[in-house]
Amino acid sequence: MNKQSIDHLFERLGGNLDTATPSTDHKTNFLAKLEAQNAETKEQPTVNVNKKTRIRWLRPLSIAASMLLLAGIIITQFTTTADTKELADVSPEMQQTQDFFTQTIAKELYEIKEQTTPENQALVTDAIAQLEHLETEYQDLKKDLSESGEDKRVIYAMIDNFQNRIDLLQNVAEQMDAIKELKQEATTL
């Protein structure tokens, strides 16, 4: 509001404003009326709930409900992820076996990718696709392991899966070497 509108408001109200000073016992009279009203309220129970009180409880209640929902989602997520069991979970020896296989596979795959040329690119791409297929099978075996209660057949199948990956990568490396030798022989002729 600007100063003109306030001045206009006071001019319009004119002498209607109550400018009298309250009496000295005004405060005691007000408190007495307030206590009388409180006494009446205690005698007559009210059914109406104050809207502010309801709103004050609405926010904390909605926050608590949201946190409970979030906790439920997190717990559900962790229980569904914990349904699969790794080979390393079976025993310390199996953990060493899994570590050996994963390191060997990673090393072989790195060496193959380093030696990739346009001549053997199709071979490498096919090998990676077969590795992805074997990884999908391994994920299924992990589920089977947790469902079967560490059945020896599933453990052997998991080890066999690792061995198949290593055999595949070694086969690809041998074929890449053969392609390399053929290319060198062709250039020397």
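The values are calculated or read from the model by the stated rules, or taken from the named source; none is laboratory data. Values in this document were obtained by computation on a predicted structure and should not be read as measured data. When we count neighbours, we look across all protein chains shown, and the Cβ atoms used for this are built from the backbone with ideal geometry, even at glycine.
The residues listed here are I155, I159, I75; of these, the one that is over 24 Å from D177 (Cα atoms), assigned to a helix (DSSP H, G or I) and outside the structural domain of E181 (by TED's automatic domain parsing) is I75.
For the range 142-159, enumerate the residues that are among the charged types (D, E, K, R) and surrounded by 13 or more Cβ atoms within 10 Å (Cβ to Cβ). Walk me through how you get there before you give the answer.
Quick first cut of the range 142-159, residues among the charged types (D, E, K, R) only: 142-144, 147, 150-153.
Within the range 142-159, K142, K143, D144, E150 qualify.
Given the structure, is V124 over 14 Å from M158 (Cβ atoms) and either of a type in the set (D, E) or at pLDDT below 85 (or both)? Against the criterion (over 14 Å from M158 (Cβ atoms) and either of a type in the set (D, E) or at pLDDT below 85 (or both)), V124 does not qualify. Quick one: is A173 in contact (Cβ under 8 Å) with a residue 40 or more places away in the chain, part of a helix (DSSP H, G or I) and assigned by TED's automatic domain parsing to the domain that holds A129? Yes. Name the single residue that is surrounded by the most Cβ atoms within 10 Å (Cβ to Cβ) among those in the range 160-188 being more than 22 Å from L109 (Cβ to Cβ) and polar (S, T, N, Q). My answer is Q184. Among the candidates T97, T125, the residue that is on the phi < 0 side of the Ramachandran plot and either of a type in the set (F, W, Y) or within 32 Å of the chain's Cα centre (by Cα) (or both) is uniquely T97.
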